[in-house]
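Working notes for the structure below.
Throughout, read-outs are computed from the coordinates displayed, never taken from laboratory work. Every value quoted in this text rests on a predicted model; they were computed, and no experiment measured them. Glycine also receives a Cβ, built like all others from the backbone with ideal geometry; neighbour counts cover every protein chain displayed.
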């Protein structure tokens, strides 16, 4: 049985915060839906090739952290009961969490210290974007106002500001995401790409941005490109575009067949996938180089993916038939290399080689699957001494 | 376990032998109330004898006493009636006088033969020795007849004390004395029946004068709040059963010994967590009983109340589980039991038992985080069966 510790630390680095859940795709928002970090979902933090999972446990009222490299389980302090509309966003670089409830964002500090409200929006917070390595966070409310927070590596608030979605008095941001280097990228209702410098914005308390009028048609989603801070993915009607941020130019596009309903995913590398009834295949679209997009068709018989994770040369997917499959992405094709059956009745986290299931067990039960080796680690009864009255 | 039972039985046997000596009556034995009640009935009948002067020793009914009198010849019937009228007044004085009654657990024999007696009168010192086991098994009518017979041995008839082995008047056989006094005793019983002091036929009401009681009960033990929260019990009471034997060395003894086995087995749930407990223990210790009432009503006069304390040893197992995790731990512990029991007579030596008491069996299950170090109340209801050895 794992034991509890007071702090959770991850190394600094260009890590990505990845959320895993079975929620429908999140469009017309910045970053990810705030519901991706609610008590019913599991988050994954990746750094230096290692994945750490965290999820709020309502029975012990704390966050469970699973380090998939060392197969260890650790815990946060008692965070109190969760409730509808309450979300947790754990930091990557230090032991603090954002406690988000309604229109309020509080900074929750380590054991023994209380929460402190650091930002209050006018409306209910609906989505968030984060550059954990730089300490930039953007929270978007129901009015598409954008709250910017800058945190230090030590976990203290350095700066904050709330801006409107209306840029320049004219452009209205409708979707976006944060890219490394302290930039927030928005796409507007007029199809314009807006590249916001967060440091200058916070310093001047006004949007500091560079615009590119690319005339996207009903653009609704912005994705990041791993290892390329000046590249973004823009999803518009029936088309995915790879865009050079600095030049403001579309480098590559993939058009979907008519009638296709694409799904987006920010698990692993940001990507889009859709099912083609004509070919009876699932197609995954992602940037295979900083300048090109690849459309990868995968044949899956009898079971559709419900969660996908894309990392480098592999795709990990949880299917409807409760199997986690790993697909090797090769230059000319893709082949399923492993298939692991799991009992997926709980919160599920995926990364390149690991799947974690946190079951609805008051006493505490989680299972970590190492997909490449076929082994698994079970954590059980870890809530026995910390059960809270329900 | 076997050693506990053997030791218990040996103790009872030895203590029974040690208590084989006689015991002075008129107080201190549960049989005293029976004796007192029978004497009262006899006295009441004796007071009513003048009202039945014309029909003494005559009976046409179905009781055993009637059967005895029906067999009398007319002259014996007359002699019997005359004898009663002549002796009744002095019998009444004797009933108010200084007669000592002694219980004996030994077989009563006289020097003249090998016959066993229910009681023996000692005219020299006004003692009547009663075999307690035989008296305990008797119906009330038989007891009155016996007491009348023995008391009349203490009185002079025509200048001397009557014995069983001599002819007397119309009872002219060698056992004439015994036949006469048996008939006279029967006649007093008939008067008592006619006056309604005792029923014609007694119901088969269970009487407390047995020295072995086997019993079984079901009930529950109170789960204290700590146990409830740690073990995920949603209810206050843990169901259980109890089985045992209580032995009194003599049927007249108040102090006996009980050997008992308690078993609690319950499963509850609190939300999605299920808790199970299995606790059992064996205990032994003294039990002291009283027959608290002397009302003349057989049902009330048979009620017993007893108190028991015991020391024992047992085991407990707790299980905690949800849909994915199962935890359990087992621990042994000593235990202390104390209770009070009410024994209500039924029929044919069956009893209704009700028990209320406490149990203390401390334990700590460190691996699954459950401990219990409080005294718990427990209540049981059940049935017992009494018999004599």
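One table, with the values for the structure above:
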quantity	calculated
Radius of gyration and Dmax over the Cα atoms of the protein assembly as shown, both given in Å	47.6, 149
Helix B:176-194 vs. chain B, principal-axis angle (Cα, 0 to 90°, nearest 10)	60 degrees
Stretch gain in nm, segment residue A:142-residue A:116, where the contour uses 0.36 nm per residue and the Cα spacing is subtracted	7.1 nm
Average projection area in nm² (convex hull over Cα atoms of region A:96-247, one quarter of hull surface)	9.1 nm²
Shape box of region A:191-247 [Cα atoms, principal axes, largest first, Å]	38, 25, 18
Cα point-scatterer Debye curve for chain A, base-10 log of I(q)/I(0) at q = 0.07, 0.08, 0.13 Å⁻¹	-0.30, -0.40, -1.08
Acute angle (nearest 10 degrees) that the helix B:2-18 long axis makes with the longest principal axis of chain B, alpha-carbon atoms	30 degrees
DSSP beta bridge pairing in the protein assembly as shown, given as percent antiparallel to the nearest 5	95 percent
For residues of B:314-324, the mean tally of beta carbons on other chains within 10 Å	4
Projected-area average for region B:107-248 over all orientations - Cα convex hull basis, square nanometres	14.8 nm²
Ratio of Rg to Rh over chain B (Cα coordinates, Kirkwood Rh, two decimals)	1.16
Ratio of Rg to Rh over region B:292-387 (Cα coordinates, Kirkwood Rh, two decimals)	1.19
Pair residue A:341, residue B:239: separation of 7 Å Cα→Cβ label points (nm)	3.8 nm
Chain B: relative contact order in percent, alpha carbon pairs under 8 Å with at least 6 residues between	14 percent
With eigenvalues of the C-alpha gyration tensor scaled by 5 and rooted, region A:308-352, Å	21, 11, 6
With Cα atoms, 0 to 90° folded angle of helix B:140-153 axis to chain B main axis	50 degrees
log₁₀ of I(q)/I(0) at q = 0.15, 0.21, 0.22 Å⁻¹ - region A:142-230, Debye sum with one point per alpha carbon	-0.56, -1.06, -1.14
Kirkwood hydrodynamic radius over Cα pairs of region A:202-333, then Stokes diffusion coefficient at 37 °C and 0.692 mPa s, in µm²/s	207 µm²/s
